[in-house]
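Since every read-out is calculated from the coordinates, none of them should be taken as a lab result. All values reported here derive from a predicted model rather than from experimental measurement. Cβ sites come from the backbone with ideal geometry, for glycine too, and all protein chains shown count toward neighbours.
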Amino acid sequence: MGAPIVHIEFRSSDFGRTAAFYSQLFDWQTQQNASATYMKFDGADGPSGGWVRSDLVQAPGPVPYLVVDDLASKMAEVEKAGGRVLVGSMPFAGGGEVGLFADPDGNVVGLWMRKRGEGAAAPREETPAKAHKAAAAPKAPAKKAASAKPKKK
């Protein structure tokens, strides 16, 4: 079996509107983080996920995350296959590392290497979104380099 999507992030310009929309249609429950930059959802079968505030995201669409055993090795494979590494590696609060790449069509995909000893299912409280927020938060000029905006060719 191929690598499953374990987490997915969407963008939202209005968390209240987004929460009401998905709650009404699918009975999803949402919870916003303290800094109001991320809102996770609960109630859906499948991968964990949430929304990142639109002004902090430069990816052209949703960002799915896949689990890998060796992030550096997989990023090297991405480049060899014709993809472009956007963020090679950065730690996140739950342990482990995440990276972002663009495929040849410009779609952004996240890779998640868990800290050693974690199981296959993504924990809903500690997801790559925490690292994504750290990379996208507008605190320092270096953050722009960690954005997930593919360059046009």
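Structural remarks
- For the range 16-46, a residue qualifies if it is under 27 Å from residue 97 (Cβ atoms) and crowded, with 18+ Cβ neighbours inside 10 Å, and the qualifying residues are 30, 37, 38, 39, 40, 41.
- Of the residues making up the range 10-24, at least one is polar (S, T, N, Q), touching a helix residue (DSSP H, G or I) at 6+ places or on another chain (Cβ under 6 Å) and not in a strand (DSSP E or B).
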